[in-house]
Amino acid sequence: MAARGAGDPVDVKSGKAPFAQPIDPAREKLTPAQLQFMRQVQFAQWQKTLPQRRTRNIVTGLGIGAVVLAIYGYTFYSVSQERFLDELEDEAKAARARARERASGY
């Protein structure tokens, strides 16, 4: 019997060409020539999609880098605008001055 997907190019019953069916090399016994052909086809498909994947990877990397730099820049901007610690320090100086006045007044 022939391997799955092999045979006439047109199915007699439906009149349509058969679709390629996935093959699991672990389950089905394939010859070394068939395995080599599968590797060649997989490598050709990989080579065919390589430029598209490379472009997508570059765009994704640039997008992630832009987000990281934006977060980093916003953090520096917000910290430089923060006056919270300055206000606390002013309050602490005033409290120390009041404490000295009270201590010297007794």
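The values are calculated or read from the model by the stated rules, or taken from the named source; none is laboratory data. This is a predicted model, so every value here is computed, not measured. We work out accessible area using only protein heavy atoms, side chains counted, and drop any ligands, DNA or RNA first. Shrake-Rupley method; radii C 1.70, N 1.55, O 1.52, S 1.80 Å.
What the table below lists for this structure:
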item: Selection count where residues are open to solvent by 90 Å² or more (accessible area, probe 1.4 Å) and modelled with pLDDT of 95 or more, scope segment 55-84; result: 9
item: Any chance Pro18 is part of a helix (DSSP H, G or I) and either at pLDDT below 90 or open to solvent by 70 Å² or more (accessible area, probe 1.4 Å) (or both); result: no
